[in-house]
Amino acid sequence: MIGTAEMTLRVAVTRPHPRARITGFVYLLYFLTAILAQFLTGRSLLAAGNATNLIASGFYAVLTLLFYGLFRPVNQVLSLLAALFSLAGCAVMTLGMFPRTELPVSPLFFFGPYCLLIGYLVIKSTFLPRILGMGMVLAGVGWLAFLVPAVAHSMTPYIEGVGILAEASLMLWLIVRGVNVQRWNEQACAAGLWPSTASQ
C-alpha cells in the first residue's frame, strides 16, 4: 500500500509534459535563428550571420540536452550517444565559422547519426507518435547522403525538404501536444530512473 502511494505521488509531481513543450520552444528558437543567419549571410552580412549562427548553435546545444533528458527513459545509452553526436556536431559547426579554420569533417557527419538516433528513440518510445520518429530517421539518412557530392549536387532540395519537414513536425508536436505524460512516467519507472527524474 505504501509503495502504491509513493508511486502515485511520484507520478503526480513528475511533469515531463511542460519540459517537452519547453524543448519544442527551444527547437523553434533554433529554427528562427538559423533561418535569420542564412538570410544575413545571403545578404553578405557575414559578421552578423556568423554571430547569429553562434546563437543558433547555442540553442541546438541546449536542445540536445533537453532531448537527452526526454529520451533517457527509452534508452539511456543511446540517448547519451545521440547527445554526444549532436554536441560534437555543434562544436564542429562553431569552429568552422572562424576564419582560417580548416576542418576535415562536416557537421553532417555528426548530425546525420544524431537524427537517426533521435528517430529510433521516438519510434521506441511510447509517449510520441512513431511517424515522427520515421521522419527523423529519413532526415538522418538524408543528411548522411548529403555527404556524397554526387547526391548533394542532384538531391539538395529534396534532402533539405525532408530534413526540415521532419524536424519541424517534431518541433510543432512538442509545442502543441507535448508528450503522453502517463506513458513517459511508465517508461521512466520501468527504466529505473526514479527518483532522479522526479523533477522532470
Go through the stretch 86-129 and report how many residues are touching a Ser or Thr at 6+ places or on another chain (Cβ under 7 Å), more than 15 Å from residue 140 (Cβ to Cβ), surrounded by 15 or more Cβ atoms within 10 Å (Cβ to Cβ) and among the aliphatic types (A, V, I, L, M). 2
Look through the stretch 153-164, keep the residues that are under 23 Å from the mean Cα position of the chain (by Cα) and of a type outside the set (D, E, K, R), and return whichever of them is surrounded by the most Cβ atoms within 10 Å (Cβ to Cβ). 163
Looking at (1) among the hydroxyl-bearing types (Ser, Thr, Tyr); (2) touching a helix residue (DSSP H, G or I) at 6+ places or on another chain (Cβ under 6 Å); (3) part of a loop (DSSP other than H, G, I, E, B), which is the one condition that is false for residue 106? (2)
Test of understanding: among 79, 57, which residue is without any contact (Cβ under 8 Å) to a residue 60 or more places away in the chain, surrounded by 15 or more Cβ atoms within 10 Å (Cβ to Cβ) and either closer than 20 Å to residue 129 by Cβ or touching a Pro at 6+ places or on another chain (Cβ under 9 Å) (or both)? 79
Just checking, does the stretch 112-120 include any residue being of a type in the set (A, V, I, L, M) and modelled with pLDDT under 95? no
Is it the case that residue 164 is within 15 Å of residue 70 (Cβ to Cβ) and among the hydrophobic types (A, V, I, L, M, F, W, C)? no
When the residues of the stretch 139-190 are filtered to those that are of a type in the set (S, T, N, Q) and in contact (Cβ under 8 Å) with a residue 40 or more places away in the chain, which remaining residue is nearest to residue 76 (Cα to Cα)? 187
If I ask for residues that are assigned to a helix (DSSP H, G or I), of a type outside the set (Ser, Thr, Tyr) and touching a residue at least 40 places away in the same chain (Cβ under 8 Å), which ones from the stretch 82-103 would you list? 93
Against the definition (of a type in the set (Val, Ile, Thr), under 18 Å from residue 56 (Cβ atoms), out of contact with any strand residue (DSSP E or B) (no Cβ under 7 Å at 6 or more places or on another chain) and assigned to a helix (DSSP H, G or I)), how does residue 151 come out, yes or no? no
The stretch 34-76: number of residues that are farther than 30 Å from residue 183 by Cβ and in a helix (DSSP H, G or I): 22
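The values are calculated or read from the model by the stated rules, or taken from the named source; none is laboratory data. This one's a predicted model, so the numbers in the text were calculated from it and none came from an experiment. Every residue, glycine as well, gets a Cβ built from its backbone with ideal geometry; the counts of neighbours run over all protein chains shown.
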